[in-house]
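Novice: Got a structure for you, written out below as structure tokens; questions coming shortly.
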Amino acid sequence: MFVRQNQQQFRNSNADVQIFYGDGSAPSATNNNRTWNKPPGVSHVYIMCIGGGGPGNGANSGGSGAVTVWYGAAQNVPDSLLVRMTAPGGGGAATVIAYRNGSGNPTNLIVANGSSSNLAGGATAANAFAASGFYQSIAGQDGASGFQSASTTTFLSGGSGGGGSTLTTNYGYVIPSPSGGFFMLQPIIVGAGGNDSGDGGIGCGGGVTAGTKGGPGMVLIASW
Amino acid sequence: MSYPINYPTPQNANVQIFQAANDQNTGLSEFTWVKPQGASFVWFTLIGPGGPGDAATGGGSGAVTNFMCPAFLIPDSLSVSIPLGYLNNSYNTEIRYQQKNGSGYLLLSAARGGFGTGGAAMTANYFTAMGFFQSIAGQAGSSTSISASTTTFLSGGGAASNTQTSNYGYSTNDGTLASSNGFFQMQPIIVGAGSMGTNINCRAVGCGGGISGSGTNGGPGMAVIITW
């Protein structure tokens with residue numbers, strides 16, 4: 001967990017921004033769980049969940065994960081949330097924000113599906129928690145077996161590869177062959193998948209070579 | 001250039017309103033929005049210019065696009081294009097991300113109205129995936145009277161000597177006036193009315209021009225960007 005990121009884009013901001021990255025092994029009931037505690041005094045909360053990217057299998061590159069966002073009043077958000085991100089190469093596990101309700105399994109509030117193949121992580125239908133604020137869930141981009149073009153609906157790209165193909169993301173970023181992908185928040189949020197033998201950036205698909213890893217999941221929670 | 005007028009200010013928000021220059025010859029006004037330091041969240045409202053009227057029908061009103069997202073996920077500087085509702089104008093209200101080279105990337109837009117047709121709603125794109133987006137089409141222009149739209153607060157234009165009714169009961173023509181000007185207001189509630197009849201220029205933001213054999217101009221576009 002990285003509390004209060006000391007990054008340029010948050011300078012002087014009155015927002016508390018916490019970013020959680022998927023790493024290590026896949027989260028489970030006993031492993032790799034994180035906690036977000038609501039900062040005292042905040043009025044609004046924005047949550048963005050990114051599902052992990054899919055792997056390449058030799059024939060196709062990996063798809064990218066879904067993006068799910070929620071915004072609403074802080075009073076509608078529990079004081080403590082369970083945060084689970086897709087691990088690198090997470091094989092389709094979702095990135096999840098859940099509520100520990102005191103007994104039994106935690107209740108999922110926000111879900112961003114990961115990709116387990118060349119197919120993108122699917123969007124998640126709104127649930128009861130979504131009704132308490134603004135909610136949107138966008139599916140990822142399918143992985144390609146050759147060139148990959150910028151998606152018209154998401155900022156996370158699937159992978160590409162084969163025969164020196166290039167991968168083009170939104171805003172004109174190009175990933176040559178072979179190269180790993182990337183993910184960045186500034187100057188504008190965008191992620192690239194891997195090309196050929198490269199792994200994907202956060203939420204993005206791995207290149208077409210068998211064994212490449214999709215990028216991990218991520219959660220960003222801003223409150224002010 | 002920003003014009004923080006007619007907006008409540010004691011709210012710790014930075015409100016910038018971009019309006020077209022009052023020049024019917026240029027057709028498009030270009031601005032730059034710079035993200036205020038310390039901003040956490042950003043709200044965009046884009047209003048497309050109103051459509052022109054011709055001899056058969058009034059102009060449709062422009063589309064309205066709203067988007068809200070975290071400030072730290074967007075560039076520090078954005079290009080803002082605000083068109084006039086000029087008779088032969090082909091521009092939409094647009095927000096662009098201008099990189100070092102090329103023509104930039106269209107992030108948000110609000111389409112202009114046409115001869116009798118409302119501006120089309122924008123389709124969500126890769127930029128809007130990380131925030132909350134809504135785009136509403138404009139109201140069609142009319143060959144006779146104009147009634148309040150059930151979906152947008154901007155009205156199209158219509159014919160002289162016909163009734164014009166906007167939302168919330170505002171009306172510029174009870175059917176007895178040969179022609180009437182439109183209007184646009186943000187307080188006490190945001191609403192706009194198109195022109196009826198032969199007035200050449202509809203100054204009402206986003207609203208349609210009236211019917212005239214020589215053509216009329218719709219109202220200009222507008223963008224409001226609020227950060228807090």
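Novice: I need the strands (runs of 3 or more DSSP E) fully contained in the stretch B:173-228, keeping only those with at least 2 residues that are touching a Pro at 6+ places or on another chain (Cβ under 9 Å) and either of a type in the set (G, A, S) or under 24 Å from B:F31 (Cβ atoms) (or both).
Specialist: Numbers: elements: B:183-185, B:191-193, B:222-227.
Result: B:222-227.
Novice: Would you say B:T117 is assigned to a loop (DSSP other than H, G, I, E, B), within 30 Å of B:T176 (Cβ to Cβ) and over 12 Å from the mean Cα position of the chain (by Cα)?
Specialist: Taking the combined requirement at face value, the residue satisfies it.
Novice: Which residue out of A:G104, A:G146 is modelled with pLDDT under 95, at positive phi and not hydroxyl-bearing (S, T, Y)?
Specialist: Working: A:G146 fails: at positive phi.
After applying the criteria, what remains is A:G104.
Novice: If B:S79 satisfies every condition in (1) under 19 Å from B:W33 (Cα atoms); (2) among the polar types (S, T, N, Q); (3) not in a strand (DSSP E or B) but one, which is the exception?
Specialist: In the conditions (1) under 19 Å from B:W33 (Cα atoms); (2) among the polar types (S, T, N, Q); (3) not in a strand (DSSP E or B), B:S79 misses (3) alone.
Novice: Please work out if B:S142 is more than 14 Å from every other protein chain (Cβ to nearest Cβ) and either out of contact with any helix residue (DSSP H, G or I) (no Cβ under 7 Å at 6 or more places or on another chain) or in a loop (DSSP other than H, G, I, E, B) (or both).
Specialist: Details: more than 14 Å from every other protein chain (Cβ to nearest Cβ): yes; either out of contact with any helix residue (DSSP H, G or I) (no Cβ under 7 Å at 6 or more places or on another chain) or in a loop (DSSP other than H, G, I, E, B) (or both): yes.
The answer is yes for B:S142.
Novice: For the stretch A:137-149: of the residues being buried (at least 20 other Cβ atoms within 10 Å of the Cβ) and in contact with a strand residue (DSSP E or B) (Cβ under 7 Å, 6 or more places away or on another chain), which is nearest to A:S177 (Cα to Cα)?
Specialist: First, pick out the residues of the stretch A:137-149 that are buried (at least 20 other Cβ atoms within 10 Å of the Cβ): A:137-144, A:148.
Remaining after also requiring in contact with a strand residue (DSSP E or B) (Cβ under 7 Å, 6 or more places away or on another chain): A:137-138, A:140-141, A:144, A:148.
Details: A:S137: 31, A:I138: 28, A:G140: 22, A:Q141: 19, A:A144: 14, A:Q148: 12 Å.
So the residue we want is A:Q148.
Novice: Has the stretch A:139-148 got any residue that is within 14 Å of another protein chain (Cβ to nearest Cβ), within 25 Å of B:Y126 (Cβ to Cβ), of a type in the set (S, T, N, Q) and more than 15 Å from the chain's Cα centre (by Cα)? Steps first, answer last, please.
Specialist: As a first pass, look at the stretch A:139-148 and keep what is within 14 Å of another protein chain (Cβ to nearest Cβ): A:139-141, A:148.
Those left that are additionally within 25 Å of B:Y126 (Cβ to Cβ): A:139-141, A:148.
If we keep only those that are of a type in the set (S, T, N, Q) too, we end up with A:141, A:148.
Checking which are more than 15 Å from the chain's Cα centre (by Cα) leaves us with A:148.
Among the residues of the stretch A:139-148, at least one is within 14 Å of another protein chain (Cβ to nearest Cβ), within 25 Å of B:Y126 (Cβ to Cβ), of a type in the set (S, T, N, Q) and more than 15 Å from the chain's Cα centre (by Cα), which makes the answer yes.
Novice: Then there's this: If we scan the stretch A:2-19, do we find a residue that is touching a Lys or Arg at 6+ places or on another chain (Cβ under 6 Å), at pLDDT below 95 and within 17 Å of A:P216 (Cα to Cα)?
Specialist: No, the conditions are met nowhere in the stretch A:2-19.
Novice: When you go through (1) within 19 Å of B:A63 (Cβ to Cβ); (2) crowded, with 18+ Cβ neighbours inside 10 Å one by one for B:Q134, which number turns out not to apply?
Specialist: (2)
Novice: Based on this model, can you work out whether A:G203 counts as away from chain B (no Cβ under 12 Å) and either farther than 30 Å from A:V42 by Cβ or assigned to a loop (DSSP other than H, G, I, E, B) (or both)? Working first, answer last.
Specialist: Numbers: away from chain B (no Cβ under 12 Å): no; either farther than 30 Å from A:V42 by Cβ or assigned to a loop (DSSP other than H, G, I, E, B) (or both): yes.
The answer is no for A:G203.
Novice: Give the stretch B:120-139 a look and list any residue that's within 14 Å of chain A (Cβ to nearest Cβ) and outside any loop (DSSP other than H, G, I, E, B), or say none.
Specialist: Within the stretch B:120-139, the first condition is being within 14 Å of chain A (Cβ to nearest Cβ), and the residues that meet it are B:122-135.
If the condition is that a residue be within 14 Å of chain A (Cβ to nearest Cβ) and outside any loop (DSSP other than H, G, I, E, B), then B:F127, B:T128, B:A129, B:M130, B:F132, B:F133, B:Q134, B:S135 are the ones that fit.
Novice: Between a first residue in the stretch A:212-224 that is more than 9 Å from A:F20 (Cα to Cα) and a second residue that is of a type in the set (K, R), which pairs have beta carbons less than 9 Å apart while being 6 or more apart in sequence or on different chains?
Specialist: Matching pairs, first to second residue: A:S223/A:K38.
Novice: Could you please let me know if A:T124 is in contact with a Ser or Thr (Cβ under 8 Å, 6 or more places away or on another chain), within 14 Å of another protein chain (Cβ to nearest Cβ) and of a type in the set (S, T, N, Q)? Spell out how you get there, then give the answer.
Specialist: Working: in contact with a Ser or Thr (Cβ under 8 Å, 6 or more places away or on another chain): yes; within 14 Å of another protein chain (Cβ to nearest Cβ): yes; of a type in the set (S, T, N, Q): yes.
Yes.
The values are calculated or read from the model by the stated rules, or taken from the named source; none is laboratory data. Bear in mind that the values here come from a model prediction, so they are computed numbers and not experimental data. Reconstructed Cβ throughout: ideal geometry from the backbone, glycine too, with neighbour counts over all protein chains shown.
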